[in-house]
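Worksheet: one structure, shown below.
The values are calculated or read from the model by the stated rules, or taken from the named source; none is laboratory data. Since this is a predicted model, take the numbers as computed values, not measurements. Backbone-built Cβ (ideal geometry, glycine too); neighbour counts: all protein chains shown.
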Amino acid sequence: MVRILVKLKGVTEITSGLAIGYLVYTFNVVIFATLYPIVEGRKEVIALIPVMSNLRGDILGSSASRLNTTLHLGLVTPSTRKLIRLELKPTLAIAMITSIIISLITFTYTRLILGEPLNLEEMVSIGFLSSLLATLMLVPYIALIASEAFRRGFDPGNILPTLTTTVGDLMTLPFLILAFILVIATPLNITPIVFLTVISLSLAFYTATYSYGGLRVRRILKERFLVLLLVMITHPLTGALLAKLEEELAKMGLIHVVTSFIGINGALASIAGVRLSSILHMFGTEELTNRFTLITRDIILSTTPAILLISLTGYTTQTLIQGAHEVISLEIMLVMVTVATITHIILGLILALATSLSSYKLGLDPDNVALPIITNVMDLTGIPILYVIGLLVLT
């Protein structure tokens, strides 16, 4: 029995993270229902909700992966303070500059393609400020989780992706609303000045961080820009897909399953990517086949609790928010989520192996390149997979 538990240690750690994730997502439903009326109808904020949520998982997931690799290589002691110092500058610089670019793209996409009248200064300022505040809070959070997990004998790679994704999703709306309140409190006639100040400060901080941050920081910032084009495409597309399929997903009873479905499956694929990155850093490609087999086993075995957690999140939503969408039975929801999750996870495992290995062979750090690609592609593919499987099961 003890031998079985040791072999399944990874599964136990992943499942523990998923269980915490379920509690966070359930709480997220309550937070969303409570706070959403504050910004209802304010499209400058609504358009940023999926974008900032995805961006948070992208940036912080990459940071968590770097911390995991650094701890496994023994390059730093498991001290929360040291890990914060290691990650805060590059992560903050990336969050600041990327949030401005993504907000500008979202504004352009929403304004030109959907024809929605939006305030550019307001939208960019809200996106920037919410990203800044969230990063300042969440980097110490993931540093604490990484150091405590490693010191207690757990593999941070099995825990960090789930806790980073779920808590990042939880904090998206509150920080967007806080930023919205701060921005609209600014007198209208100086909003352009605030807007220009935001961009100037962000560029100045990014430039200073790149110039004086050292080789590690420069490599992170340089390689992050290699995936920026992908981020610019996938983040707005994910939000557009959700908007387009919102009515159909609501009819299927799946609209409030989307967040947990994308988040949890993205976390499982990210766990595979994080562990693969550490293996490549420590052993190169020599141990890759055997280690990937173990990773696949852990992820597949963890799919069962993931399916239960996703389904229970959706079913709980029906109880907490009456009239939120069509009410379907737990049995039907389990069938739809099971088929969709297995399909999505298989895609995620293939994606994790392909991106980690290819980035490593190209001389790039998988922590900086592979992880953002994994999270973005999983976000983008999750909605259509859930939609198509829902159609097949219900018809």
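General observations
- For first residues located in region 238-257 and closer than 14 Å to Asn54 by Cβ and of a type in the set (A, V, I, L, M), partners that are surrounded by 19 or more Cβ atoms within 10 Å (Cβ to Cβ) and modelled with pLDDT under 75 and lie 6+ apart or on another chain with Cβ distances below 7 Å form the pairs Leu242/Pro50.
- Residue pairs whose Cβ atoms lie under 6 Å apart, separated by 6 or more positions or on different chains, with the first residue in region 329-357 and in contact (Cβ under 8 Å) with a residue 12 or more places away in the chain and the second basic (Lys, Arg) and surrounded by 23 or more Cβ atoms within 10 Å (Cβ to Cβ), do not occur.
- The residue pairs whose first member lies in region 13-26 and is within 19 Å of His256 (Cβ to Cβ), whose second member is among the acidic types (Asp, Glu) and in a helix (DSSP H, G or I), and whose beta carbons are closer than 9 Å, counting only pairs six or more residues apart or on different chains, are Val24/Asp169; Tyr25/Asp169.
- Close Cβ contacts (under 9 Å, 6 or more residues apart or on different chains) running from residues in region 35-61 that are more than 30 Å from Glu87 (Cβ to Cβ) and free of Cβ contacts under 8 Å to residues at least 40 places away in the same chain to residues that are among the β-branched types (Val, Ile, Thr) and in a helix (DSSP H, G or I) comprise Glu40/Ile46; Ile46/Val39.
- Output for region 54-68, where each listed residue is modelled with pLDDT of 85 or more and among the aliphatic types (A, V, I, L, M): Ala64, Leu67
- Number of residues in region 80-137 that are buried (at least 20 other Cβ atoms within 10 Å of the Cβ), more than 18 Å from Arg219 (Cβ to Cβ) and polar (S, T, N, Q): the value is 8.
- Meets criteria (over 19 Å from Glu223 (Cβ atoms) and either among the aromatic types (Phe, Trp, Tyr) or surrounded by 17 or more Cβ atoms within 10 Å (Cβ to Cβ) (or both)) for Leu55: no
- Pick from region 332-367, criterion modelled with pLDDT under 90 and touching a Ser or Thr at 6+ places or on another chain (Cβ under 6 Å), ranking: nearest to Leu308 (Cα to Cα): Leu334
- Taken over region 37-74, the criterion of being among the small types (Gly, Ala, Ser) and touching a Lys or Arg at 6+ places or on another chain (Cβ under 9 Å) is satisfied by Ser62 alone.
- Selection within region 243-259 - closer than 27 Å to Val369 by Cβ and buried (at least 24 other Cβ atoms within 10 Å of the Cβ): Thr259
- Residue tally, condition buried (at least 21 other Cβ atoms within 10 Å of the Cβ) and modelled with pLDDT of 85 or more, over region 161-195: 4
- Residue in region 278-289 that is within 28 Å of Ala95 (Cβ to Cβ) and of a type in the set (A, V, I, L, M, F, W, C) present: yes
- The listed residue being touching a Lys or Arg at 6+ places or on another chain (Cβ under 9 Å) and either at pLDDT 90 or above or surrounded by fewer than 19 Cβ atoms within 10 Å (Cβ to Cβ) (or both), out of Ile321, Ile295: Ile295
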